[in-house]
Structure formats: structure tokens, C-alpha cells
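*Asks:* Just passing along the structure, written as C-alpha cells.
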Amino acid sequence: MKRWLPPLAIVLALLCAWELAARLDVIAHALKLEPFLVPSPSEIAQALWQDRGLLTDNAWVTLQEVLAGFALSVAAGVSFAIVLHLSPTLRRAFYPLLVASQTVPIVVVAPILVVWFGFGIGPKLAIIALICFFPITVNTLDGLGSVDPDLVKMMRTLDASRWQTLRRVEGPSALPYFFSGAKIAVAVAVIGAVFGEWAGSSSGLGHLIQEASAQLQTERTFAAVVVLSALAIALFALLAALERRIAWWGPNGTRS
Amino acid sequence: MRMTSEAPVAEPQPVQRAADSAAGGSDALAGAGQATQRTLGAGVAIRGLAHAFGGLRVIERLDLTVEPGEVLGIVGPSGCGKSTLLELVSGLRAPQAGAIEVEGAGSPAERLARCAYMPQRDLLLPWLAAIDNAALALRNRGASRAEARRIAHPLFERFGLAGFERSRPAELSGGMRQRIAFLRTLLAGKPVLLLDEPFASLDAITRAEMQEWLAEALATESRTAVLVTHDVEEALYVSDRVTVLSARPASPVAQLAAPEPRALPRLDAVTSQGFTSARERALAALSGGAR
């Protein structure tokens, strides 16, 4: 319980400062804005409650996109990492391409994907998968490669096939690394979903933010951002909990 | 801790005899041949072995023979290439010169199929229960988990590990972990055991206990075994015969028969006159080889 006090105190203090600054119109004056454009935390909380139906409906859409896109990139990323691990030639061939895929600005790619795949869930999945793929693949690949070579040698003396060594030794060794990548991926997946929705959609939190800010409904915009962060934090916490349960021998496991 | 004297449970797996006869000359190489009570084949024969890492000559002109069913101890100064020697014999590493035959088989792959290698570190997989670690080779050969456990279970009883089948390696003491690593080596079902400083990482008291334990375990299993160690006492107590290697590049400088009488409790054995004189001879050979 004591562990939670310092961060809680900081957050509360910041919220109080914001509340005061908004109520006294300090920010609005400084930025030469109409006071209604700078909502206070209490007004955002109010918007959260009033728009709860709208927010949950759109959050559900975004959550579906994030989960599907994330699942897609886990499947693709882990398979790709295994293939690259088993073949040093393929690894050398594809690794630069893998890094290059991360240098492509998603904001630019998103509208093109919408042109190609339409306004449905397709382009959102593609964008999320594109963002998540890199941390998952690279971390899993590092994990597979960082296995104690003596363990691999031992498996050879115990008549293990290449596949058995992968399944019984390299895979479990790489699992904590995979979770590190997946935790990064799931957090950025939420951002990817927003980009995807901005590029073209009719629902989702990203769409709601775009619409609300265009109509100068700043409380609603902030409320949607709060829900979005909560979503990302919840997904991250879920993966961290899964890691403790499944990869309990790793550095973040329950027993090590 | 004590083992009951029943028949070995982990019988060596039959290896391809066709390959043996094709290789030929196995009897001549090993000397004793098929005459031993357990048809183990032809033990280990090493002729003119040499190996270097870059410019560093680790092993040179090494000849060694291990009779079937014999436990050969190899002692030598640290870094003299003892571990490399075991890796070469096991087939994990290909030698640069010379010939190695295990049960008459010469190629690294065939030797790998006949040798069980126990490394210095226990290398237990932290995500597997003790019994699943011990039964790893059975699983690799296609046994189901239940089947592998059923085969491994009686050995836990016999080797003083009863009740620890489901423990995780992290919950076990160093001595217990080494015993499980030894079970894993036994359950590989190979006719030849290669033990690479199995107790080097243990404290002195546990090491003494484990030496007693290993001597008994090897007596009940009666497989061909090579024990590499830097501990002269350990080699003399556990083995039937001890070869002393020189400093790098390693080659044999002395042969010692195990001091009689055998199979005494460790404390009685190591204080007997035969043992102390054998130890002195071994130490003299060691310091001569290190000069």
C-alpha cells in the first residue's frame, strides 16, 4: 500500500494544480484562449460520466482493433523470429528490412492503407500490426539467440532434434524476452489504432477525438484521451500479470 | 541417501550393432572385448589424439583406453584440456588429429549416440520439475510425459531423491541438483558416461557426500565411465583406475590402479594406507607434469 502513495500524491497534486489553474483561467489567459477551451479535471470527469455511453461504444471499437492487430503481430512476429533464428542466412537477409520497416512514418502510411483497404477494420489492423511487429520480433529473436550455449550442447547429448531443442530449451528461455516486446507493443498498439482511425473511420476513440476537437468539445476530447490511456495501461498490466504467471522463471516472474 | 542394491533401472539403450561390426576391430582396440559380464561393447579407445584452439595446443599425442564397465578417472592441472577431451570423446567436437572410438564407433555422430555427457554445471531447466529434467532424454526420444515420469520415478527413490520429483530446480540444494543432473545423464540410456568435474561447484562437505553417492551409483549401474576432475582424492575414490595428465598440451604422465580395498565408506577409504600412498604418487605425477 505504501508503494502506491508517492505516485498517487504526485498525480493528485498535479490534478489540483490543473484544477486551480483552469478555474482561475490562468492557462486560458496565458494562451489567449476562450476559457471554455481549457477544461478543468472536474469538467473532464463530468464529461466522462455524461458521455459514458458514447465513450464505451467507441472504446469497444478501438479495443477490438487493438486486440486483433496485436494478436496478428504476435502470430506473425513470433513465427518470423523463429524462422530467422533457425536460418542465419535468412536472418542476415531480412534483419535490415525489419529495421527499415520501423523507419517508415506510420502517419504517412496510414492514409495510403486506407486508400488500399477502405474504411473498415483492415487498415487499422495493418497499421497496428506494422507497429507491434518490430518490438515483438526483435525481442523474441534476441531471446532465442541468448540461450546458454551449454544448454543447447546438453540437448544434443540427450538426443534432441533441432525442433525439440527449440521447444524445450530455446522457446522457454525466450519467453521473458517475448513478454518484454509484447508489453511495449501493446502500449504502442493503442497509438496505432488512433492513427488508423484518424486516417479514415466512422467510429472508435481516435475518431471521437478527431470529431470532438473539430467541434471544440475539449472536455470530450480529454475524456476520450483518458479512456484511451486507461485502455493502454490496462492492456499493459494484463500482459505483465500474464508474464508473472506464464514466464515465472524470468526476471519478472513470481519465482526465479 | 542410501541406494538399494537392485538391478539397474536405466539399462543402456541398444545402439546400432550393425554400425559396430561395420566399423570393425572393436574387440582388438578395447582389449577386453565381449569377455565382460555385461555386454557393453568395447569401451573407449583413443589413439594419437591432438587438438588445438588457434595456436593453443590443448591436447597432444594422447592415447587412452577405457575398458567396458570400467570407471576411469582423469586428473590434471586446471586448464589442461580435460573438458575438451570429454567434448572430443562425446562427439560434440571433432578432433583435429587422431582417432576416437566409442563402442567401436568412430564418427562424431555415432559417438554422440553412445555417450552421455554430464557437464560441470547442472544445467537443469528452471521451468521443468526435477523429474521432467531427469527424464529429458526420454522425452526427446518420443516418450509421453507420463511415460517418461513412470520410468524416471524409481530412480528418484534409488538415488535418495524420493519426494522431490515435483520440486523446481531453484528449490533444491546444489547436491540434489547434481544428483538430478546425474539421473538425467543415466536416463539418456547411453553405454558410456562422461562426467566433467561433476562436483566442482559444490562445497567440501557436500562434495564428499556426493563422491560416496557417485561411487555407489556407478557400482550399481556398472557402465563404462570417464570421470574428469582436478581432485585427486575424488578420482582415486570413485574410479577403478586413474590417469594423470600433464599440463597443457595434455598427455598421460601416470597410471594408477584404484587403491584396495574398494567400496569402503569414504572416510575409511581416504585414510587407508593404500589410498594415501596412491594419492601421493598421483600428486607427485601432477606436479611433475605441471613443471
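Laboratory data are not the source of any read-out in this text; all were calculated from the coordinates shown. Values in this document were obtained by computation on a predicted structure and should not be read as measured data. Cβ sites come from the backbone with ideal geometry, for glycine too, and all protein chains shown count toward neighbours.
*Asks:* Roughly how crowded by other chains is peptide B:110-122, in terms of the mean Cβ count from those chains within 10 Å of each of its Cβ atoms?
*Replies:* 2
*Asks:* Another question, then. Across 10 Å bins from 0, what is the distribution of all Cα-Cα pair distances for chain A, in whole percents?
*Replies:* In order of increasing distance, the bins hold 7, 23, 27, 22, 13, 6, 2, 0 percent.
*Asks:* Please work out the FRET efficiency for the pair A:Arg92 and B:Arg145, using the Cβ-Cβ distance as r and a Förster radius of 41 Å; give the result to the nearest 0.05.
*Replies:* FRET efficiency, A:Arg92 to B:Arg145: 0.65.
*Asks:* May I ask you to give the average projected area over all directions of the convex hull of the Cα atoms of the protein assembly as shown, in nm² rounded to one decimal?
*Replies:* Averaged projected area of the protein assembly as shown's Cα convex hull equals 34.5 nm².
*Asks:* Okay, next question. For the modelled label position 7 Å from the Cα of A:Leu33 along Cα-to-Cβ, which residues of the stretch A:221-247 have backbone nitrogen atoms closer than 20 Å?
*Replies:* Flagged as within label range: A:221-229.
*Asks:* Label 7 Å along Cα→Cβ of B:Leu56; the stretch B:226-269 residues with amide nitrogen under 13 Å?
*Replies:* Zone members listed by number: B:248-250.
*Asks:* Now a separate question. Please report the orientation-averaged projected area of the stretch B:122-189, defined via the convex hull of its C-alpha atoms, in nm².
*Replies:* 3.9
*Asks:* If you stretched the chain out fully between B:Thr220 and B:Ser287, how much longer would it get, using 0.36 nm times the residue separation minus the C-alpha to C-alpha distance?
*Replies:* 20.7 nm
*Asks:* Let me check I have the definition right: for the stretch A:1-116, take the eigenvalues of the Cα gyration tensor, multiply each by 5, take square roots. What are those semi-axes in whole Å, largest first?
*Replies:* 44, 21, 18
*Asks:* Here is a further query. Which of these, A:Leu130, A:Leu84, A:Leu14, has the largest mean-square fluctuation under a Gaussian network model of chain A (Cα springs below 10 Å)?
*Replies:* Fluctuation is largest for A:Leu14.
*Asks:* With no solvent and one equal point scatterer placed on each C-alpha of the stretch B:112-229, evaluate the Debye formula and give log10 I(q)/I(0) for q = 0.16 Å⁻¹, two decimals.
*Replies:* -0.70
*Asks:* Another question about this same structure. If r is the Cβ-Cβ distance from A:Arg167 to A:Leu20 and R0 is 41 Å, what FRET efficiency results, to the nearest 0.05?
*Replies:* Efficiency for this residue pair is about 0.10.
*Asks:* Please find, in a Gaussian network model of chain A (springs between Cα atoms separated by less than 10 Å), the residue of A:Ser161, A:Ser79, A:Ser203 whose mean-square fluctuation is greatest.
*Replies:* Highest fluctuation of the listed residues: A:Ser161.
*Asks:* Give me the Å³ per residue figure for the convex hull around the C-alpha atoms of the stretch A:152-211.
*Replies:* With only Cα atoms used, the stretch A:152-211 gives 99 Å³ per residue.
*Asks:* So how do A:19-26, A:141-148, B:96-103 stack up, highest first, on mean other-Cβ count within 10 Å?
*Replies:* B:96-103, A:141-148, A:19-26
*Asks:* Using alpha-carbon positions, what is the distance between the centroids of the stretch A:235-251 and the stretch A:113-173, in Å?
*Replies:* What the calculation gives is 17 Å, centre to centre.
*Asks:* Order of A:Met154, B:Met210 from fewest to most other C-beta atoms within 10 Å?
*Replies:* B:Met210, A:Met154
*Asks:* Then there is this: Charges only on Cβ, +1 for Lys and Arg, -1 for Asp and Glu: so what's the dipole of the stretch B:122-189 about the Cα centre, in debye to the nearest 20?
*Replies:* Here the size comes out at about 120 debye.
*Asks:* To the nearest 0.05, how large is the calculated FRET efficiency for A:Ala76 and A:Asp148 if R₀ is 25 Å and r is the Cβ-Cβ distance?
*Replies:* 0.35
*Asks:* Same structure, new question: To make sure I understand, if each residue's beta carbon is the centre and we count other beta carbons within 10 Å, what order do B:Cys80, A:Cys16, A:Cys132 fall in, fewest to most?
*Replies:* A:Cys16, B:Cys80, A:Cys132
*Asks:* Using a Gaussian network model of chain A whose springs link C-alpha atoms within less than 10 Å, name the residue from A:Val190, A:Val99, A:Val38 with the highest mean-square fluctuation.
*Replies:* Maximum fluctuation in the GNM of chain A, among the listed residues, is at A:Val99.
*Asks:* OK, next. Modelling each spin label as a point 7 Å along the Cα-to-Cβ direction, I'd like the A:Ser213/A:Ala9 distance in nm, to one decimal.
*Replies:* 3.4
*Asks:* Which helices, counted as full DSSP H runs in chain A, have an axial Cα extent of no less than 30 Å and a Kyte-Doolittle average of -0.5 or above?
*Replies:* Qualifying helices, which must be both long enough and hydrophobic enough, are A:52-86, A:122-145, A:171-199, A:218-246.
*Asks:* Run the simple label-point estimate for B:Asp268 and A:Trp49 please: 7 Å along Cα→C-beta, distance reported in nm.
*Replies:* Simple spin-label model gives 8.7 nm for this pair.
*Asks:* Treating the stretch A:148-256 as a set of equal point scatterers at the Cα positions, no solvent, please give the Debye-formula log₁₀ I(q)/I(0) at q = 0.10, 0.11, 0.12, 0.24 Å⁻¹.
*Replies:* One equal scatterer on each Cα of the stretch A:148-256 leads to -0.49, -0.55, -0.60, -1.17.
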